[in-house]
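What follows is calculated from the coordinates using simple rules that are stated; it is not laboratory data. The structure displayed is predicted, hence computed values, not measured ones. So basically every Cβ, Gly included, is an ideal-geometry build from the backbone, and we count neighbours across all protein chains shown.
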Amino acid sequence: MTNDIRLLAENDPLVIRSRKQAREKIANAIRKDGTFDWAKLPNLITTNTKLDKVTDEHKSTSFDEIMIMGFQGVPHWISGYNTCAGASLQCARECIVFSGHGQRFMIHNGRHNVLIARIARTLIMKEHREQFNARFIKEVQAKIRKARKLGVGIALRPNVFTDEPFHIHMPQLWDLDLDYIYDYTKILKASKMMMHDMGTYHITLSRNENTTQSDMIKAIRNKINVTLVIDLQDGETFPDTWTFDDGVESVTVPTIDGDKSDHRFLDPQPVAVLLKLKRSGNVDGDDTSGFATRLVA
């Protein structure tokens, strides 16, 4: 499985070209003393259209507005490093890293600047961890100051497209004045972290074709919400409830339309968060892998 996912990246001309261009960008930003001239590199902390969405149903907070920021690296083997330990092959094929501003056709003068920036961030994270962490914290602190000046809440999503253990590599994030830190993960044992020492870390288990019904029931029993990608057909709408059944135990929970907002840290628990299948440009036609779920078999 891992080799198949790696080959998916290594056989992608856009990925290979962008990886080379990202390395050139990084090399151009390294000073003689080995430190980075960050003015020549993309910001590590950014926002995107999805992260900016706010809905009335998620205003059950002391803040009227919440500033949301995230780290946009690249998933699975796109950078040459595996940043999604729990990824499945179809998950890699369908990844939304190639949607929105990341769509494959968005090339200017032979460069996909969004993909190059995301790969560059990931390479710096993997190969220059100390400088990466220091810059990451500095950018987060600047956003916190801005949020406090505006009188709004602030949330950080460390993994917008990746599934990296930030709670291990950058635990100092939890010492900052952040109101929320949240992520999706496909690794069940990582999702249990929210039940222990990390406190403000809100994790949602993200189902793929390899996630079992038992895994999802375990998550629900631990008050960890589960996200499911739904392959909606014409005329279908999301149901009000979702049942997880492993043949031994059956659990039914309310549902939430996850496309209305990325404010997972404000979701009640437990719920099933439903997302409509989005085409990445890598896969055409109906999904038959099991990555997405059909409402009617």
(Q) Checking the a/c ratio against 1.5 first, then a/b against b/c, what shape does the Cα gyration tensor give for the chain? (A) oblate
Q | Dipole magnitude (debye, nearest 20) for segment 97-256, charges at Cβ of Lys, Arg, Asp, Glu | A | 1020
Q: Work out, step by step, the length gained on full extension between ASN3 and ILE16: first 0.36 nm times the residue separation, then minus their alpha carbon distance; give nm to one decimal.
A: 3.0 nm
Q. In nm, to one decimal, how far is the TRP38 label point from the HIS108 one, both placed 7 Å along Cα→Cβ?
A. 2.4
(Q) With an 8 Å Cα cut-off and a minimum separation of 6 or more residues, compute the relative contact order for segment 107-262 in percent. (A) 13
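Would you please give the FRET efficiency between ASP259 and ARG31, computed as 1/(1 + (r/R0)^6) with r the Cβ-Cβ distance and R0 = 41 Å, to the nearest 0.05?
Values: r = 44 Å, r/R0 = 1.06.
My answer for the efficiency is 0.40.
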Q) Between LYS126 and LYS146, what FRET efficiency follows from the Cβ-Cβ distance if R0 is 30 Å, with the result rounded to 0.05? A) 0.60
Q. Under a point-charge model restricted to the Cβ atoms of Lys and Arg (+1) and Asp and Glu (-1), what is the dipole moment magnitude of the chain relative to its Cα centre, in debye to the nearest 20?
A. 1500
(Q) For HIS101, project a label point 7 Å along Cα to C-beta. Then give me every residue of segment 14-43 with its amide nitrogen under 13 Å of that point. (A) 42-43
**Q.** Of LYS189/LYS260; LYS25/LYS189; LYS20/LYS276; LYS32/LYS126; LYS146/LYS276, pairs whose Cα-Cα distance is over 30 Å
**A.** LYS25/LYS189; LYS20/LYS276; LYS146/LYS276
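Based solely on its DSSP helices, what 222 nm [θ] is calculated for the chain when runs of n ≥ 4 H residues each add -39,500 (n - 2.57) and the sum is averaged over all residues, nearest 500 deg cm²/dmol?
-8500 deg cm²/dmol
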